[in-house]
Amino acid sequence: MKEYRTITDVSGPLVFVETDEPIGYDEIVEIETPDGDVKRGQVLETSGDIVAIQVFEGTEGIGRDASVRFLGETLKMPVTEGLLGRVLDGSGQPIDGGPEIVPDERRDIVGAAMNPFAREYPREFIQTGISALDGMNTLVRGQKLPLFSGSGLPHNDLALQIARQATVPEEEESGEESEFAVVFGAMGITREEANEFIEDFERTGALERSTLFLNLADDPAVERTITPRLALTTAEYLAFEKGYHILVILTDMTNYCEALREIGAAREEVPGRRGYPGYMYTDLAQLYERAGRIEGQEGSITQIPILTMPGDDDTHPIPDLTGYITEGQIYVDRGLNSQGVAPPVDVLPSLSRLMDEGIGEGLTREDHGDLSDQLYAAYAEGEDLRDLVNIVGREALSERDNTYLDFADRFEAEFVDQGFSNNRDIEETLSIGWELVSMFPKAELNRIDEDLIEEYYLEDEAEVEA
C-alpha cells in the first residue's frame, strides 16, 4: 500500500493530496498525523493529480507532514443481527460499552438500487397508536412518510412514540410472528437529546428491538453524511437477509442537508437554491428510495424522515425536495403545540398518498375511508368558520355553523390530543371518530355510505348535541 506525504492544502473538512496514480471515487483513506492519530476519510473528487478527501473525524491536527494511505475499497458497514439492542456513534462505532461487533458480512454503505420491477406495492397497515396518523394519514408497510416540523417543536417525542408503539395488527390477529425492529439514525443532535433517546428506548424496552446511530452536534459535519447510509445499510441487511420488518427513523434531515452545503462550500462548488448543492435532490432520493418491499422477500423497510423546516417555511428547498420524493408528509403544527395539543399534528395539510391501499375491510375496518373523509371535511369547514368568527362573532352564525365550530374544538381535544404515552388501537380511534361525527344530523354526513351510517352512527351522541 502506497503512502503519500504530499498534502497540498486543508480547507474546512477537506484535505487535498497530490498523487501519481489514479484513485477511485469514494475510496476510503487513512490519514496518520505525526503524533500517531489515525483519521478516516473518503475520496470526494479526483481530478488530474489532485485528490480531494473529506475527513470523517475533522481535519484538526492534520498538516503537510501527515501521511495518507488509500485503502482501495469503499466504506463498508459491518452488519449482523447482533446490532439489535446496540447504540453506535455516527460512524458506526459502538458507544454503549458493549462488546465489539462481530459481523456476518461487511456491506457497502451506498447500497444497491432497488429494481423498480421487483418492488412490491406497499399495502399492510402499520398501527402507530396515534389517532391523527392511524385515522387520518395512515402509514403502510414499505412507505416513506416524512414529518415536517419546526425548531423547538416536539417532533422527537412523536418519533419516539412511533418507535415504541408501531405494530402490524393484521399479523397479530392471524397469529403470525412479525419480527418488527427499529433503526434510529440521529444527525446533528445535542448530547442532551441523545441521552433522552437512549433513556427512552431503555425505559420502554424498545432498545431490545432497535439499533441507534447517534451523530452529535459537536461531531464533524462530514460524519453526518454517512450516518443515514450506515443506518439504511443495517436496515437493508435486517430486512432482506433476516426477514425483519424495519421502521427507519431519520432525524434531523435538515442537519444532514446543512452538512452537504458546508462540504459544497469547502469544495467551492457553484451553489444552487439558497446555497444548497444543485445535486441535493439526487442525494436525498438516494436515501429515501431505499425504503420499500421486494417481491419474494419477507422483510420490508418503512421510512420516517424528520426535518425541521427553517423558518417554518415548507417552500424551503429541504422540505420542498423531500415532498417530491416521498409519499406524503405529516405536519407538526406550532399553533396546536402552543395550545397544549400533544402530539400537535395538523391533519389538514398532512397527507399519506398510500393511505387508501392500507385501510378498509380486511386491513383496518370497512368504514375507515368514509369516516376519515367526513372527519377531514368537517374539520376543514370548522377551521374556515373560525376565521369568520374573528370578524362577525359566534352570535352571527347559524346553528349549523356553530355545530361545526364545536366539532373543530372537540376534534382537536378528543381525537388529535392524546398525549405522547397513550397508545390507541385502530378500533378506539375509529370509535372516537364516530362519536364526533354523530354530533351532526345524518343528513350532514354526505361522505359516508348510508349502510355504514346505519351501523355505526351514535344516536345518543346526536341527542346530547341537540
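Reported count of residues in region 70-84, each being under 16 Å from Val182 (Cα atoms) and open to solvent by 30 Å² or more (accessible area, probe 1.4 Å), is 3.
Screening region 231-256 for residues that are in contact (Cβ under 8 Å) with a residue 60 or more places away in the chain and touching a Phe, Trp or Tyr at 6+ places or on another chain (Cβ under 6 Å) and picking the one that is farthest from Thr80 (Cα to Cα) gives Ile249.
Restricting attention to region 382-410, the residues being aliphatic (A, V, I, L, M), touching a Leu at 6+ places or on another chain (Cβ under 9 Å) and in a helix (DSSP H, G or I) number 6. Under 9 Å between Cβ atoms, at least 6 apart or on separate chains: pull out the pairs that start in region 393-406 with a residue that is touching a residue at least 60 places away in the same chain (Cβ under 8 Å) and end on any residue that is surrounded by 12 or more Cβ atoms within 10 Å (Cβ to Cβ) and of a type in the set (Phe, Trp, Tyr). Once the first residue is touching a residue at least 60 places away in the same chain (Cβ under 8 Å) and sits in region 393-406, its partners that are surrounded by 12 or more Cβ atoms within 10 Å (Cβ to Cβ) and of a type in the set (Phe, Trp, Tyr) give Thr403/Phe440. Among the conditions (1) touching a strand residue (DSSP E or B) at 6+ places or on another chain (Cβ under 6 Å); (2) under 29 Å from Ala266 (Cα atoms), Pro94 misses just one, which is (2).
Screening Leu307 with (1) over 20 Å from the mean Cα position of the chain (by Cα); (2) crowded, with 21+ Cβ neighbours inside 10 Å; (3) closer than 18 Å to Phe148 by Cα gives one miss only, at (1). In the condition set (1) at pLDDT below 95; (2) surrounded by fewer than 17 Cβ atoms within 10 Å (Cβ to Cβ), Ser338 is compliant with all but (1). How about region 191-213: which of its residues are farther than 18 Å from Gln161 by Cβ and either modelled with pLDDT of 95 or more or touching a Lys or Arg at 6+ places or on another chain (Cβ under 8 Å) (or both)? Once the filter is applied, which keeps residues that are farther than 18 Å from Gln161 by Cβ and either modelled with pLDDT of 95 or more or touching a Lys or Arg at 6+ places or on another chain (Cβ under 8 Å) (or both), region 191-213 yields Thr211, Phe213.
Of all residues in region 215-267, those that are outside any helix (DSSP H, G or I), hydroxyl-bearing (Ser, Thr, Tyr) and either closer than 28 Å to Val51 by Cα or open to solvent by 10 Å² or more (accessible area, probe 1.4 Å) (or both) total 1.
Assessment of region 349-357 against the conditions (in contact with a helix residue (DSSP H, G or I) (Cβ under 7 Å, 6 or more places away or on another chain) and either closer than 26 Å to Ser421 by Cβ or buried (at least 16 other Cβ atoms within 10 Å of the Cβ) (or both)) yields no matching residue.
Selection of first residues in region 438-456 that are more than 14 Å from Gly369 (Cα to Cα) and of second residues that are in a loop (DSSP other than H, G, I, E, B), restricted to Cβ pairs under 7 Å at least 6 apart or on distinct chains, gives the following pairs, ordered by first then second residue: Ser438/Tyr457; Ser438/Leu458; Lys442/Tyr457.
Candidates are the residues of region 97-109 that are part of a loop (DSSP other than H, G, I, E, B) and touching a Leu at 6+ places or on another chain (Cβ under 8 Å); the one that is nearest to Leu287 (Cα to Cα) is Ile109. I'm trying to understand the selection: among the residues of region 233-261, which are over 20 Å from Arg107 (Cβ atoms) and out of contact with any Lys or Arg (no Cβ under 9 Å at 6 or more places or on another chain)? Across region 233-261, the qualifying residues are Ile249, Thr251, Asp252, Met253, Thr254, Cys257.
All conditions in (1) surrounded by 20 or more Cβ atoms within 10 Å (Cβ to Cβ); (2) in a loop (DSSP other than H, G, I, E, B); (3) among the hydrophobic types (A, V, I, L, M, F, W, C) hold for Val270, with the sole exception of (1). Inside region 273-294, residues that are of a type in the set (Ser, Thr, Tyr) and either part of a loop (DSSP other than H, G, I, E, B) or over 23 Å from the mean Cα position of the chain (by Cα) (or both) make up a count of 2. Taking region 1-60 as the range and being within 21 Å of Ala265 (Cβ to Cβ), assigned to a loop (DSSP other than H, G, I, E, B) and open to solvent by 40 Å² or more (accessible area, probe 1.4 Å) as the test, the residues that pass are Gly12, Tyr25, Glu57, Glu60.
Looking only at residues in region 360-383 that are closer than 14 Å to Glu455 by Cβ and of a type in the set (Asp, Glu), which one is surrounded by the fewest Cβ atoms within 10 Å (Cβ to Cβ)? Checked region 360-383; the qualifying residue surrounded by the fewest Cβ atoms within 10 Å (Cβ to Cβ) is Glu361.
The values are calculated or read from the model by the stated rules, or taken from the named source; none is laboratory data. Since the model is a prediction, treat every value here as computed from it, not as a measurement. Here Cβ is always computed from backbone atoms with ideal geometry, including for glycine, and neighbour counts include all displayed protein chains. Accessible surface areas use protein heavy atoms only, side chains included; no ligands, DNA or RNA. Shrake-Rupley method; radii C 1.70, N 1.55, O 1.52, S 1.80 Å.
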